[in-house]
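Working notes, structure below.
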Amino acid sequence: MAGLGMKMHQQSIQDKQTFWQQASQAVTWFTPFNTVLDESNAPFYQWFAGGKMNSCFNAVDRHVEAGYGDRIAIEYVSPVTQNHYSITYQELLSQVSRLAGYMQSIGIEKGDRVVIYMPMVPETAYAMLACARIGAIHSVVFGGFAANELATRINDAKPKLVLSASCGIEPSGVVKYKPLLDEALEQATHQVNHCVILNRPQYQAELLSERDVDWQQAVADAPLIDCVPLESTHPLYVLYTSGTTGQPKGVVRDNGGHAVAMMWSMKHIYNIDAGDVFWAASDVGWVVGHSYIVYGPLMAGATTLMYEGKPVGTPDAGAFWRIIAQYNVKSFFTAPTAIRAIKREDPNGDGLDGVDLSCLGQVFLAGERCDPDTLYWAQEKLNKPVIDHWWQTETGWPVAANLMGADPIEVKAGSPARPVPGYQVEVLDAMGEQVPANESGNVVIKLPLPPGNLTTLWNNDSRYVDSYLSMYDGYYLTGDAGYIDEDGYLYIMSRIDDIINVAGHRLSTGRFEEVLCQHDAVAEAAVIGVQDKLKGQVPLGLVVLKNGVDISDEQLYKELLALVRHEIGPVASFRLVSAVQKLPKTRSGKILRATMRKIADNSAFTVPATIEDPMTLDIVRSALTKMGYADALAKELTAS
């Protein structure tokens, strides 16, 4: 018999209008919409057309008006500055209203763009909400991005205002943002006349009198202003994601559909109600931060925890668990790479000793594929449901997840469970035919995408269609490869680009990584396909060992080869594997497999703007050279 989750999913596909009409009632509308789903200009679908609302009102004002002004909206925890404090909904309303008032006073209006280039501080949330309050379209750029990357986004968004800070703070030290901003504005062809700078004690930035204003001075005498009613379809924000051409893609999110999706997901997926504490250990510069540090929890009337720190090193691998206990966190969301970092530092889970996690209902993992070994370790140490779920910057909220607030189902390691209501997920072959259960193919979503997904790319409808909608008629291409099992569970195995074709056999890098991580010595693994004259491509693995492991290179090599041969078979042609100190990753924890592949094959590449530690590319190059790949003299090929 179908459970509640499956019934909800069925209704959401067969009767979209009724399903999303009901979900929309959780949002406060100034003017009711006249159409749930407008399909008249497909594939540019519109949700809740004709309706007027305001995302800031739904996240802040309505809770204060309902008498919950004293409830904590934001718990700010900054181990890098040894600072923490609480912000009530009433205080949040005051801060946001004043900042919006200042913005209005310098001529920022509905439809104008505002770039936000800031660290993990409450003012970053104020900035986003102040934009939403007046209908300005915010574009958050991850703090510390290189000047040329920031300039590219400024040129594309053409903002009237930049909101920034003097610096961010990493465990390694202070990262000065203001000089990077100054350099970006010099490089940019688009001229920005106004910058508001939050000066932090760790670094006092020099302000340019004709352009820059100190944050505290700007808001000190600014008027408090009300929310502007906005069309449901009016853009809330533009968030840039890396493009294959090197030109970033500006994902556009609307107001009404986004608010409905946020409210629905907070309750049904994350099991969060008003007054609960939710912690997404991410950064506001990423989509997780937009959806589940700022908008989702606040719209739900919950308390959101903003954390300026790392899973390890601020100060140790037990930090996450102590914070969960101290702040009574009900649902916790982080990336698998964070759990792997903790596991590597503290394989026995000693950091949990004496920590009472009775408040914690569940842990959610997303951002990259979660290998079963990491899931099992977290389940065992935490003794809580550990929920892998899958979504993208473009979708804005989960595509596949276990509905912990509605109908929890069995956890299957390696799977983010079933598609969420609203998403009709299918797996197609190259010809566009559905593949049988348990057979790999391209993961797609049948149009229309549900509320909260991207509506287009900023000023580039044609690129939106070309990038996502052109491969299969009537479907959105996720860019991921995977399969659906006989129970309807989805498995995301790799990016489409990471399928290895070994002598005609299509093999997933994710499957190799899953197997390598089964070895007791291995903390994490990355597998890429490298060129081979005989077989076309062969898999190459790099592994990072757990702290304190004592095993010879020769023994490790033999054992890993035997493991892969046993689990995947001789067809894998797995002969190349080596241990490295560190893997190259983005700041959000994604392993840079495509870059590693280019290094191995001596192809030109650009160092990704999102890379956390550029030195890791040299570590990888050295290991690859010893394995007969990545000519050590080929650095000249690297594109600047």
| request: Hey, could you check segment 51-78 for residues that are open to solvent by less than 10 Å² (accessible area, probe 1.4 Å) and either at pLDDT below 95 or part of a strand (DSSP E or B) (or both) and say which is farthest from Leu305 (Cα to Cα)? | output: Met53
| said: Against the condition in a strand (DSSP E or B) and open to solvent by 40 Å² or more (accessible area, probe 1.4 Å), how does Gln581 come out, does it pass? | reply: no
| Restricting attention to segment 99-119, does a residue exist that is out of contact with any His (no Cβ under 6 Å at 6 or more places or on another chain), over 24 Å from Arg153 (Cα atoms) and not hydroxyl-bearing (Ser, Thr, Tyr)? | yes
| Taking segment 471-497 only, how many residues are within 22 Å of the chain's Cα centre (by Cα), among the charged types (D, E, K, R) and either more than 17 Å from Arg597 (Cβ to Cβ) or open to solvent by less than 20 Å² (accessible area, probe 1.4 Å) (or both)? | 1
| Extreme residue, most open to solvent (accessible area, probe 1.4 Å), among residues of segment 420-430 that are among the aliphatic types (A, V, I, L, M) and in a loop (DSSP other than H, G, I, E, B) | Ala430
| Which of the residues spanning segment 121-142 are open to solvent by 10 Å² or more (accessible area, probe 1.4 Å) and assigned to a loop (DSSP other than H, G, I, E, B)? | Phe142
| segment 106-120, residues that are open to solvent by less than 10 Å² (accessible area, probe 1.4 Å) and more than 21 Å from Leu305 (Cβ to Cβ) | Ile108, Val114, Val115, Tyr117
| message | I'm checking my understanding of the structure. Among residues of segment 340-380 that are among the hydroxyl-bearing types (Ser, Thr, Tyr) and open to solvent by 10 Å² or more (accessible area, probe 1.4 Å), which one is farthest from the chain's Cα centre (by Cα)? | response | Ser358
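Would you call Val252 over 24 Å from Gln392 (Cβ atoms) and surrounded by fewer than 23 Cβ atoms within 10 Å (Cβ to Cβ)?
In short, no.
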| said: Which numbered condition in (1) open to solvent by less than 30 Å² (accessible area, probe 1.4 Å); (2) touching a Phe, Trp or Tyr at 6+ places or on another chain (Cβ under 9 Å); (3) not aliphatic (A, V, I, L, M) is the only one that Cys517 fails? | reply: (2)
| query | Which one of Thr337, Thr393 is under 30 Å from Leu457 (Cβ atoms), open to solvent by 10 Å² or more (accessible area, probe 1.4 Å) and part of a helix (DSSP H, G or I)? | reply | Thr337
| query | Within segment 407-416, can one find any residue that is farther than 30 Å from Lys582 by Cα and of a type in the set (Ser, Thr, Tyr)? | reply | no
| request: Those residues that are of a type in the set (D, E, K, R), in a loop (DSSP other than H, G, I, E, B) and within 14 Å of Gln362 (Cα to Cα), I need them from segment 396-419; list them, please. | output: Glu410
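Go through Thr152, Thr233 for me and flag whichever is at pLDDT 95 or above and among the hydroxyl-bearing types (Ser, Thr, Tyr).
Numbers: Thr152 fails: at pLDDT 95 or above.
Criteria check complete, one pass: Thr233.
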| Restricting attention to segment 535-555, does a residue exist that is polar (S, T, N, Q) and within 26 Å of the chain's Cα centre (by Cα)? | no
| query | Just for segment 185-213: of the residues that are modelled with pLDDT of 95 or more and of a type in the set (Ser, Thr, Tyr), which one is farthest from Ser105 (Cα to Cα)? | reply | Tyr203
| So which pairs qualify, if the first residue must be in segment 594-608 and within 20 Å of Ala146 (Cβ to Cβ), the second must be open to solvent by 50 Å² or more (accessible area, probe 1.4 Å), the Cβ gap must be under 7 Å, and the two must be at least 6 apart or on different chains? | Ala594/Asp497; Ala604/Leu637; Phe605/Lys598; Thr606/Gly246; Val607/Pro614; Pro608/Ser242
| When residues of segment 278-330 are limited to those that are of a type in the set (S, T, N, Q) and part of a helix (DSSP H, G or I), the one farthest from Val27 (Cα to Cα) | Gln326
| query | For the subset of segment 1-50 comprising residues that are within 19 Å of Pro448 (Cβ to Cβ) and of a type in the set (Gly, Ala, Ser), which member is most open to solvent (accessible area, probe 1.4 Å)? | reply | Ser40
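Which residues, taken from segment 175-233, are of a type in the set (D, E, K, R) and either open to solvent by less than 60 Å² (accessible area, probe 1.4 Å) or part of a loop (DSSP other than H, G, I, E, B) (or both)?
Listed by number, the residues that qualify are Lys178, Asp182, Arg200, Glu206, Glu210, Arg211, Asp212, Asp214, Asp221, Asp226.
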| said: Restricting to segment 209-242, and then to whatever is within 30 Å of Ile611 (Cα to Cα) and hydrophobic (A, V, I, L, M, F, W, C), can you tell me which residue is nearest to the chain's Cα centre (by Cα)? | reply: Leu239
| query | List pairs: first in segment 30-43 and among the hydroxyl-bearing types (Ser, Thr, Tyr), second at pLDDT 95 or above and open to solvent by 40 Å² or more (accessible area, probe 1.4 Å), Cβ under 7 Å, 6+ apart or cross-chain? | reply | Thr31/Lys52; Thr31/Pro229; Thr35/Gly50
| said: Just to be sure I understand, how many residues within segment 79-92 are touching a residue at least 24 places away in the same chain (Cβ under 8 Å) and either touching a helix residue (DSSP H, G or I) at 6+ places or on another chain (Cβ under 9 Å) or crowded, with 19+ Cβ neighbours inside 10 Å (or both)? | reply: 6
| remark: Given the conditions (1) surrounded by fewer than 17 Cβ atoms within 10 Å (Cβ to Cβ); (2) within 21 Å of Ile499 (Cβ to Cβ), every one holds for Val399 apart from (1)
| Within segment 593-640, which residues are under 24 Å from Ser242 (Cα atoms), open to solvent by 40 Å² or more (accessible area, probe 1.4 Å), of a type in the set (Val, Ile, Thr) and at pLDDT 90 or above? | Ile619
| request: May I ask you to list pairs of residues, at least six apart or on different chains, whose Cβ atoms are under 7 Å apart, with the first in segment 100-112 being polar (S, T, N, Q) and the second being modelled with pLDDT of 95 or more? | output: Gln104/Ile134; Gln104/Ile225; Ser105/Ala222
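The values are calculated or read from the model by the stated rules, or taken from the named source; none is laboratory data. Bear in mind that the values here come from a model prediction, so they are computed numbers and not experimental data. Reconstructed Cβ throughout: ideal geometry from the backbone, glycine too, with neighbour counts over all protein chains shown. For the accessible areas, the whole protein counts, side chains as well, though only heavy atoms, and no ligand, DNA or RNA atoms are used. Shrake-Rupley method; radii C 1.70, N 1.55, O 1.52, S 1.80 Å.
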